[in-house]
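What follows is one structure encoded as structure tokens, with my remarks underneath.
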Amino acid sequence: MLKSMTGFGAGRARVGDEEVSVEVRSLNHKFCEVKVRLPRELAPLESVLVKTVKDRLARGSVEVLVKRQAATVSGNVPTVDVALAREYARAFREVADALGLTAEVAWAHVANQPGVIRLEEKGLAIEPATQAVQVALEQALGALEAMRETEGQSIQADLDARMKLIEGWSREVAELAPKAVADYQTRLSERVAELARGIAVDPQRLAQEVTLFAERTDIAEEVTRLGIHLEQFRVLMASREPAGRRMDFLVQEMHREVNTTGSKSQHAEISARVVSMKAEVERIREQVQNVE
């Protein structure tokens with residue numbers, strides 16, 4: 001079953017107080033290239049995420065975006081400096097004693113003093129955050145693979161239809177090959193008769209010329225090899241292993257056989273089918289560039 005190299009997947013997970021979201025996008029690429037964008041505090045996880053992606057995907061340019069969800073809108077949380085608050089409370093009581101005032105100190109007065117309550121970025125709980133990232137990444141990769149498989153099914157159906165066209169034209173070319181030789185023999189006989197103007201022509205010499213023509217234009221080998229390549233291509237399409245690179249190689253071989261067939265043949269009907277086969281092989285090549 002073929003898989004496309006393009007797709008998108010997203011995941012979200014919360015472990016303890018840590019919540020993260022992960023988005024994964026992939027595009028066509030000859031190899032598997034992974035780029036990870038992480039919050040600064042999660043940067044040590046990059047190598048782990050790259051390995052996880054490469055264990056799941058064989059080819060593609062993959063971008064992984066990880067976002068850590070803030071506990072508040074600003075991302076900061078209030079922090080209380082208890083030691084400083086005690087010092088303020090002690091200082092207030094000391095002032096009250098020195099002035100002979102009531103020694104009661106309201107907590108609000110202490111809380112309003114500079115530095116007692118301040119906003120700070122929430123600290124990272126590394127283990128819960130790591131677990132959340134891994135869970136969210138698995139979700140995103142699962143969604144990405146599902147999309148790649150769906151698109152791969154469409155590509156496979158398109159490739160199968162184009163291969164059937166090539167197979168049909170190839171059979172027609174094989175059937176037309178003897179006719180091309182017979183047509184050449186007829187044309188040669190008529191031309192020689194026209195030039196000889198009643199002079200006897202050696203039939204053995206004509207037969208030799210026809211035999212040489214048949215040898216030069218023999219496309220049986222090319223048609224056979226093309227059929228073998230098409231059969232191997234179908235086997236790769238049915239495989240569950242990534243086969244994009246091998247399919248690309250087979251397409252090059254198909255193109256070579258079709259080209260050789262066209263260069264050998266001097267028959268109009270065969271040439272017309274060769275042109276059609278070249279067009280379909282090129283369309284197959286373009287589609288294979290999308291296969292993992």
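The values are calculated or read from the model by the stated rules, or taken from the named source; none is laboratory data. Nothing here was measured: the structure is a model prediction, and the numbers come from that model. Positions of Cβ are generated from backbone atoms using ideal geometry, with glycine treated the same way; all protein chains shown enter the neighbour counts.
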Inset, instruction - Give the residues of the range 266-289 that are β-branched (Val, Ile, Thr) and either farther than 11 Å from Trp169 by Cα or surrounded by fewer than 14 Cβ atoms within 10 Å (Cβ to Cβ) (or both), sorted by residue number. - result: Val275, Val281, Ile284, Val288
Inset, instruction - Would you check which residues across the range 200-253 are modelled with pLDDT under 85, surrounded by fewer than 16 Cβ atoms within 10 Å (Cβ to Cβ) and not in a helix (DSSP H, G or I) and list them? - result: Ala200, Val201, Asp202, Asp218
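Can you say whether Val105 is at pLDDT below 80, hydrophobic (A, V, I, L, M, F, W, C) and either surrounded by 15 or more Cβ atoms within 10 Å (Cβ to Cβ) or assigned by TED's automatic domain parsing to the domain that holds Glu18 (or both), as far as the supplied structure shows?
Here the answer is yes, as Val105 does meet what is asked.
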Inset, instruction - Identify, from the list Glu23, Glu41, Glu33, the residue that is assigned to a strand (DSSP E or B), in contact (Cβ under 8 Å) with a residue 60 or more places away in the chain and surrounded by fewer than 21 Cβ atoms within 10 Å (Cβ to Cβ). - result: Glu23
